[in-house]
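The values are calculated or read from the model by the stated rules, or taken from the named source; none is laboratory data. Keep in mind that what you see is a predicted model, and the values were worked out from it rather than measured. Positions of Cβ are backbone-derived with ideal geometry, glycine not excepted, and every protein chain shown enters the neighbour counts. Only protein heavy atoms, including side chains, enter the accessible area calculation; ligands, DNA and RNA are left aside. Shrake-Rupley method; radii C 1.70, N 1.55, O 1.52, S 1.80 Å.
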2 protein chains.
Amino acid sequence: MRLTERKMQRKREQILQTAISIIKSHGYSGATMELISSELLMTKGSLYYYFKNKSDLMYQCHNFVLSQAIKDHEEILAKNLNQRQTLYEMVCLHIDYAVEQKETFNLIMEPKRFFKQEQLEPVLKLRKTYETIFDQTIEKGIKAGDFQSDDYKVARLFILGAMNWIQQWYSPEGQLTKQELKDLYFDYIMKILGGKE
Amino acid sequence: MRLTERKMQRKREQILQTAISIIKSHGYSGATMELISSELLMTKGSLYYYFKNKSDLMYQCHNFVLSQAIKDHEEILAKNLNQRQTLYEMVCLHIDYAVEQKETFNLIMEPKRFFKQEQLEPVLKLRKTYETIFDQTIEKGIKAGDFQSDDYKVARLFILGAMNWIQQWYSPEGQLTKQELKDLYFDYIMKILGGKE
DNA sequence: TTTAATTTTTAAACTTTGTTCAAAAAAAGG
DNA sequence: CCTTTTTTTGAACAAAGTTTAAAAATTAAA
């Protein structure tokens with residue numbers, strides 16, 4: 001009886017992984033239920049046994065990636081570096097996600113209209129968690145004298161926005177390597193947060 | 001013979017305006033051909049007489065708003081203010097567009113997949129024009145000693161990204177007035193561009 | 001003004017994609 | 001081996017974009 005539940009769970013994750021990879025390769029609108037299911041050697045109708053609808057499946061993908069990102073950030077925090085170093089690693093990690101998982105990491109285009117209420121709430125909550133990790137690091141840094149800022153929450157919005165936008169223009173084939181990008185962006189962030197050089 | 005062409009043009013603009021307003025009120029995916037046409041007291045089939053397809057119509061909306069924004073920026077340039085003042089007005093204008101015209105101003109979610117090649121190219125060109133206006137102002141400011149920056153094009157990407165992201169979170173009902181938002185953001189921008197206080 | 005040509009609109013059919021559902025197939029339990 | 005439960009299927013349906021042949025409206029010509 002408990003086994004069934006676990007099996008269900010595993011199947012869900014398997015579908016999720018496939019969906020994520022298809023969103024990655026075919027983009028959001030190219031990821032049809034048909035395509036996802038055929039990749040898993042099933043018919044599209046079957047997907048509805050595991051997920052309520054497409055919006056639910058997409059939400060779970062977003063949720064999965066965002067949760068993973070939060071875990072990764074927590075690993076950084078666990079290293080107990082100074083706040084400047086911590087923030088640097090967080091910035092690098094965020095940029096990695098924004099570039100590598102861009103379709104699922106930031107599901108932006110009118111999320112309020114796209115997600116149904118029951119999905120929107122947990123998404124916003126998860127985002128809040130994510131943002132809070134940044135806020136706390138910045139706040140600690142201010143207390144430790146590493147950074148200085150009034151209105152640091154607006155500064156955080158500014159900074160995250162700048163980083164999220166990267167996915168709109170960055171191409172690995174371009175002039176800028178990812179490492180250069182990270183370092184330049186971190187420099188700007190330090191200027192905003194008044195960090196000493 | 002020339003009159004017909006002009007009439008066509010007027011009709012196209014009329015449809016465009018209606019489409020823009022419906023995208024504004026119903027969001028991108030809520031703006032169905034049916035809804036747009038019924039607002040104009042015609043059937044959806046008729047829209048295809050004026051626009052090749054929905055993607056074309058959406059592209060024209062984006063184009064229209066973006067072109068208007070460019071004109072507005074050019075008016076600012078024509079005032080011949082110093083570069084710091086110019087940039088301040090440009091930032092204010094950009095934020096206004098990002099907040100008021102958010103659906104059509106930044107049509108972001110996978111534009112490369114959404115627009116067909118023949119539309120993508122002019123969009124990218126128009127965006128380039130828009131970005132160039134910022135670049136030129138920054139460049140002039142550097143020469144005039146108002147700003148300082150190596151890699152100012154990356155700085156511009158950072159700055160525009162931060163501003164574009166505003167549409168994802170800003171609400172007029174929130175704590176921050178639009179004016180406070182503009183001033184805070186301009187402060188951050190000045191820090192990035194090493195502008196003197 | 002009547003007729004012919006052209007432009008514009010329509011309504012219906014068709015396509016694609018998401019969704020539902022009853023029935024079949026497969027798996028699990030006794 | 002039979003019964004029950006779980007899973008999958010395939011067909012039907014719904015919504016939205018798109019096409020098209022024909023009708024309606026407009027314009028031009030005689």
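Here are the numbers for the structure shown:
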| item | result |
| --- | --- |
| Test: residue in the range A:91-106 that is part of a loop (DSSP other than H, G, I, E, B) and touching a His at 6+ places or on another chain (Cβ under 9 Å) | yes |
| Residue list for the range B:22-35, filter: surrounded by 14 or more Cβ atoms within 10 Å (Cβ to Cβ), within 8 Å of DNA strand D (Cβ to nearest atom) and either assigned by TED's automatic domain parsing to the domain that holds residue B:102 or not in a loop (DSSP other than H, G, I, E, B) (or both) | B:33, B:35 |
| One residue from B:84, B:6 being basic (Lys, Arg) and modelled with pLDDT of 95 or more | B:84 |
| Residue A:129, sole failed condition from (1) at the interface with chain B (Cβ under 10 Å from one of its Cβ atoms); (2) touching a residue at least 40 places away in the same chain (Cβ under 8 Å) | (1) |
| Top-ranked residue in the range B:50-71 [being more than 8 Å from DNA strand D (Cβ to nearest atom) and open to solvent by 60 Å² or more (accessible area, probe 1.4 Å); ranked as nearest to the other protein chains (Cβ to nearest Cβ)] | B:64 |
| Positions within the range B:166-196 being β-branched (Val, Ile, Thr) and away from every other protein chain (no Cβ under 11 Å), in sequence order | B:177 |
| Top-ranked residue in the range A:151-165 [being surrounded by fewer than 21 Cβ atoms within 10 Å (Cβ to Cβ) and facing another protein chain (nearest Cβ under 9 Å); ranked as farthest from residue A:96 (Cα to Cα)] | A:151 |
| Residue check, residue A:77 away from chain B (no Cβ under 14 Å) and more than 16 Å from DNA strand C (Cβ to nearest atom) | yes |
